[in-house]
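The structure appears right after this line, and notes come after that.
Nothing in this text is a laboratory measurement; each read-out follows from the coordinates by a stated rule. These numbers were taken from a predicted model, which means no experiment stands behind them. Cβ placement follows ideal geometry from the backbone for every residue including glycine, while neighbour counts extend to all protein chains displayed.
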Amino acid sequence: MTKINAFAMHANEYDDWFLKNEAIYLSEVKAVRSMLTHKKNGLEIGVGSARFAFLLDVKVGIEPCSQLAKLARGRGITVYENVAEDLPFNDGEFDFVLMITVICFFDDVHKAFKEANRVLCDDGVIIVGFIDKNSHLGRRYHKNKAQSTFMQEATFYDVDEVVQMLKNAGFGNFELKQTLFNEDSSTFQTIKHGCGEGGFVIIKATKL
């Protein structure tokens, strides 16, 4: 649980980042929304302060940091203060699961993916948004992580690693999109299929 200490101490600073970097934030939201075809009953794991859930109309979240969970509840989200590796839900309870910029903070990504698979209904989907370790953005984050308030404990992954972990957890039928193609934080950015150019990659996969 040490990976949530910075968020607990600086919850409001974390929440304010989205307003200070609105173009980046909304570019990511748009990219995730483009993957959301299962819009009925969703869960965001690592909901944080609900900046994504609020705009994507996701009503239920998992968040181990009490300070962020409080902010999320203020945005109308039902929040359970659990970890991704141990979800308090029955099998097959959700149509889709979101994990947005959080897998870098999980203690056990494989176990978190297996838990997501468990709580998804048949043909349910997982949508994972993350900073690609091999991208320009991933390299910058990794280089500066020691000086970052929130990224010191982060473990970054590349696309192949995330795809393989999802396969091992029982997912298939992959679809990939990407955004954040340059360092300009003041302009809204486009969405492209695939990966390899954008810093922010979204993987959508189906429970097999």
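For the pair residue 8 and residue 161, label points projected 7 Å from Cα toward Cβ lie 2.6 nm apart. Contact order for the stretch 79-208, expressed relative to its length and based on alpha carbon pairs under 8 Å spaced 6+ residues apart, stands at 28 percent. With label points built 7 Å along Cα→Cβ from the Cα atoms of residue 90 and residue 118, find their separation and express it in nm. Taking the two extended label points, one gets 1.5 nm.
What does the extension gain come out to for residue 153 and residue 108, with contour length at 0.36 nm per residue minus their alpha carbon separation? Don't jump to the answer; show the numbers that get you there.
On the way: separation 45, 0.36 × 45 = 16.20 nm, distance 1.34 nm.
Gain on extension, residue 153 to residue 108, equals 14.9 nm.
Taking label points 7 Å from Cα along the Cα-to-Cβ direction, residue 39 and residue 136 give a separation of 3.3 nm.
Cβ-Cβ distance of residue 183 and residue 81, R₀ of 35 Å, FRET efficiency by 1/(1 + (r/R0)^6): the value works out to about 0.50. Geometric descriptor of the stretch 2-207, per residue, is 103 Å³ (volume of the convex hull of the Cα atoms). Bridge orientation summary for the chain: considering DSSP beta bridges with both residues in this region, about 50 percent are antiparallel.
The orientation-averaged shadow of the Cα convex hull for the stretch 106-169, equal to a quarter of the hull surface, comes to 4.8 nm².
Summary of the geometry: the stretch 10-72 and the stretch 102-132, compared by the centres of their Cα atoms, lie 15 Å apart.
Measuring r between the beta carbons of residue 173 and residue 26 and using R0 = 41 Å, the FRET efficiency lands at 0.90.
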